[in-house]
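As structure tokens, the structure follows; a few thoughts come after it.
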Amino acid sequence: MRAREAANDAQLREMYNEFVAKAQREKREPASFEEFLKHPKVAKRAFWEPHSDSDGSSSSSTSSSTSSSASSSASSSASSGSGSDNGHSYTGQATYYTPGLGACGKSSSSSDLIVAVSHKLFDKYSNGNPNDNGLCGKKIKATYQGKSTTVTVVDRCTGCKETDLDFSPTAFTKLAAKSKGRLNDMKWSFVE
């Protein structure tokens, strides 16, 4: 069952990436992931079922995040391009998910020190091909209550607010116990 879910998630992510690339080629704003899922050609696909969060609500994230993120307390000053704001500090929430094939085109496991940035931030660095996004492969140092970890950007989080991060379980445990589920006021920045 887990392998089937991973294959379905990868197929859905690939469809959405193609959808976004086509919209960008046509110089129009792509629909959100949630709107994409409502499109008749996508909605009728029997393989997709929304994940259910612990509170009973459904999430349209392609990965099984512990929960969708609430508001973050900082805004981003990132701009389009291939770089990132090294040294600029952000504050957001930290969650964790079960990784698979990420938006950067690489497969990751739960034991990898990886992270998904918000779709809002990820899309600011888009160049038409999500696998070549300017944030892919960038390092982020995240800190929470005196603990820190350095992770690599490999994915895009559709349930995250702009400055939230969604970590692999192993990376999350470098900051706090998985039982916490969500960390508020986590600080992070891009590093060289």
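Bear in mind that the values in this text are calculations on the coordinates, not laboratory data. Note that this is a predicted model, so its numbers are computed, not measured. Cβ coordinates were reconstructed from backbone atoms using ideal geometry, including for glycine residues, and neighbour counts include every protein chain displayed.
Each row is one residue, and each column tells you yes or no for (1) over 29 Å from Glu26 (Cβ atoms); (2) not in a loop (DSSP other than H, G, I, E, B).
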{"site": "Ala94", "(1), (2)": "yes, yes"}
{"site": "Pro99", "(1), (2)": "yes, no"}
{"site": "Leu121", "(1), (2)": "no, yes"}
{"site": "Asn131", "(1), (2)": "no, yes"}
{"site": "Cys136", "(1), (2)": "no, no"}
{"site": "Ile140", "(1), (2)": "yes, yes"}
{"site": "Cys160", "(1), (2)": "no, no"}
{"site": "Thr163", "(1), (2)": "yes, no"}
| remark: Of (1) over 15 Å from the mean Cα position of the chain (by Cα); (2) of a type in the set (Val, Ile, Thr); (3) under 29 Å from Glu26 (Cα atoms), Thr170 fails just (3)
| said: Just checking, does the stretch 167-187 include any residue being in contact with a helix residue (DSSP H, G or I) (Cβ under 8 Å, 6 or more places away or on another chain), surrounded by 16 or more Cβ atoms within 10 Å (Cβ to Cβ), part of a helix (DSSP H, G or I) and not acidic (Asp, Glu)? | reply: yes
| field | Within the stretch 108-157, considering residues that are of a type in the set (Lys, Arg) and more than 14 Å from the chain's Cα centre (by Cα), the one farthest from Leu12 (Cα to Cα) | value | Lys147
| said: I need the full set of residues from the stretch 111-122 which are without any contact (Cβ under 8 Å) to a residue 60 or more places away in the chain and either surrounded by fewer than 20 Cβ atoms within 10 Å (Cβ to Cβ) or of a type in the set (Asp, Glu) (or both), in order please. | reply: Ser111, Asp112, Lys120
